[in-house]
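The values are calculated or read from the model by the stated rules, or taken from the named source; none is laboratory data. Because the structure is a prediction, the values reported are computed rather than measured. Here the Cβ positions follow ideal geometry from the backbone for every residue, glycine too, while neighbour counts run over all protein chains shown. Side chains are part of the model used for accessible areas, which takes the heavy atoms of the whole protein and leaves out ligands, DNA and RNA. Shrake-Rupley method; radii C 1.70, N 1.55, O 1.52, S 1.80 Å.
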Amino acid sequence: MMGLLALLPLVVYIILVFRDADPIPVTIICLLVGMIVSGQGPIKLGESIVKAMGSFLAVIGLIIMLGRGLGEVMTATKVSHTLVYKIVYGIGINTQKKAMLGIGASCFTLIALLGTMAGGNAILAPIVIPIAASVGLSRSTVGTIFDTVGEEALIVGPFTPPVITLLGLTGIAYAPMLLFVALPFVAATMIITWFNLQKIQRETELTNPYDQQDKVEAFEPTPQSNRATIVFVVMFIFAILYGIFKQAGTSFIVIIMLSLSLATGFAGGMNMKEICRHIVKGMAGNVNLFFLFVLLEPFLGFVEAGGGFKALAVLLQPIADMGGKAGVVLTGGLIGAFGISGAAVAQLKVMHSMFGSMITQQGISMFAWAAALIVGSRVTSFIYPGPNMFGAVGFAQSDDIKAVLRNGWMVSTAHCIILVIYAVVFA
């Protein structure tokens, strides 16, 4: 009974985040509930928070802030803009389908590199909307591309918060995770979305078009931005290959972020002071996430200390008895997808805390569990309107949430089917 009582903070968390409450106040409330339920005092709470500063989640928070800092340098040096320009004009856009392909490729690349949908789409929109308008793409079509492709980029980019968290929780290296876990989900999403885009375009070309004033002059890269882009791309590729060869861990990403920021900034004509100012400015935009992750660690720690996760494992044991390994993987993925909301990193951590002991006891393959974590953290964003979806539609200057949701529901169905395959074949 005490173990079940220790689950109270987790229950409160799930209820509040699904009521669209801000995750930081929710986590603070649950932290206080956990402190009371576990019989800890304010001194123990303070010690837990200080200890959490050196936790895995705190490291993830630091990396996310550094990634935002790198994104700020890339934006200031116009590297992000130049990458989009090269992709779009490299494809040679003169038809609607080529425009869809170019915008999708730009969106995927930029968000995978920056690790943020909002930041990536904010840079992307003013560059590609004139192109979309010139070939007659509708706002609904562009909004669907921004949302769906952006969500998939977050499970592929080597430095995105969900990928870093997934690798840390499962212990899988980046290359195997990409090839054997992420790519099937991405491939299914892209195929389904491509056919849906043709239908959305036909239905909304005349009802939700861009205005003539949207057809403004496109971005033109300068020699300096071209030079900075070349330096960034070369160093980025080298860093990825070096990290894979050396089997570098999460700590290596901190060095990569700082090195890329400095090299890109210098190549873009900045001095050290300017580079540091942009890094700090970017990092400041993600302080809220760092604060969230620091608080999330002791919150889940109180649940674990009170025996909550052990009690949960006992409650879920019948699933393992009936469905075996496949049942555990499916249950974990579907509970994450339909029962836990909030920031993707927080979802991943909560899911792994809930099912981690069962995964270990059952000897379940981490590849199958990684598939469950992907479904649990991504499907939520596809089936419910949330910040990412509203942001993507807004950047596309659209208000057609229905088109994005319809595509998201079809993609989510495919993801669940893929999860069943992983659970049955690989668990």
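For Ala267, neighbours were defined as the other residues whose beta-carbon sits under 12 Å from its Cβ, and their charges (Lys and Arg +1, Asp and Glu -1) total +2. If you plug the beta carbon distance of Ala105 and Met272 into 1/(1 + (r/R0)^6) with R0 = 41 Å, you get a FRET efficiency near 0.75. Backbone geometry of the range 144-152 corresponds, through the Karplus equation with coefficients 6.51, -1.76 and 1.60 at θ = phi - 60°, to 3J(HN,Hα) couplings of 5, 4, 4, 6, 5, 5, x, 4, 6 Hz, x marking Gly and Pro.
When peptides 78-86, 57-65 are sorted by average Cβ neighbour count within 10 Å, with the highest value leading, the order is 78-86, 57-65.
Could you work out how much longer the chain between Phe390 and Ala414 gets when fully extended? Use 0.36 nm per residue separation minus the Cα distance between them, nm to one decimal.
Gain on stretching Phe390 to Ala414: 6.4 nm.
Here the gap between Ser259 and Glu203, fully extended at 0.36 nm per residue and compared with their Cα-Cα distance, gives a gain of 15.5 nm. When the helices of the chain are scored as -39500 (n - 2.57) per DSSP H run of n ≥ 4 and the total is divided over every residue, the value at 222 nm lands at -26500 deg cm²/dmol.
Using the alpha-carbon atoms, what tilt in degrees (0 to 90, nearest 10) does helix 42-52 show relative to the longest principal axis of the chain? It is inclined by approximately 50 degrees.
Gain on full extension, evaluated as 0.36 nm per residue between Ala173 and Val314 minus their Cα-Cα distance, stands at 47.7 nm. Taking the 1.4 Å solvent-accessible surface of the chain as the whole, the part contributed by carbon and sulfur is 68%. Helix 272-284 and the long axis of the chain differ in direction by around 50°, with both axes built from C-alpha atoms. Among the protein heavy atoms, those of Arg406 account for about 100 Å² of accessible surface (1.4 Å probe, every chain in place). 3J(HN,Hα) along the range 379-388: 4, 3, 6, 8, 9, 10, x, x, x, 4 Hz, from the Karplus curve 6.51 cos²θ - 1.76 cosθ + 1.60 with θ = phi - 60°, whole Hz, x for Gly and Pro.
Longer than 30 Å from Cα to Cα, which of Lys44/Lys349; Lys325/Lys402; Lys246/Lys349; Lys97/Lys349 are they? Say none if no pair is. Those over the limit are Lys325/Lys402; Lys97/Lys349.
Between Asn288 and Phe180, the FRET efficiency from the beta-carbon distance, with R0 = 25 Å, is close to 0.15.
Report note on the peptides 347-358, 177-188, 269-280, 109-120: ranked by the mean count of other C-beta atoms within 10 Å, highest first, their order is 109-120, 347-358, 177-188, 269-280. Based on protein heavy atoms only, the chain ends up with 42 Å² per residue of surface accessible to a 1.4 Å probe. Springs between alpha-carbon atoms under 10 Å, Gaussian network over the chain: tell me which of Ile364, Ile164, Ile36 tops the mean-square fluctuations. Per the Cα network of the chain with a 10 Å cutoff, Ile36 tops the list. Taking a ≥ b ≥ c as the square roots of the Cα gyration tensor eigenvalues, the range 236-306 comes out oblate, since a/c reaches at least 1.5 and a/b does not exceed b/c. Peptide packing for 193-206, 392-405, 409-422 was compared via the average number of neighbouring C-beta atoms within 10 Å per residue; ordered from the highest value, the list is 392-405, 409-422, 193-206.
Rounded to the nearest 20 debye, the dipole size of the chain about its Cα centre is 500 debye, using +1 on the Cβ of Lys and Arg and -1 on the Cβ of Asp and Glu. Near Ala76: Cβ cut-off under 15 Å, other residues only, Lys/Arg at +1 and Asp/Glu at -1. The net charge is +4.
Entry note, the chain: relative contact order of 28 percent, from Cα contacts under 8 Å with a spacing of 6+ residues.
Selection among Ala427, His415, Gly268 by position relative to the dipole of the chain gives Gly268 as farthest towards the positive end (Cβ unit charges, Cα centre).
Simple rule: put +1 on each Lys or Arg Cβ and -1 on each Asp or Glu Cβ in the range 251-398, find the dipole, and look at Thr331, Val393, Phe290; the Cα lying farthest toward the positive end is Val393.
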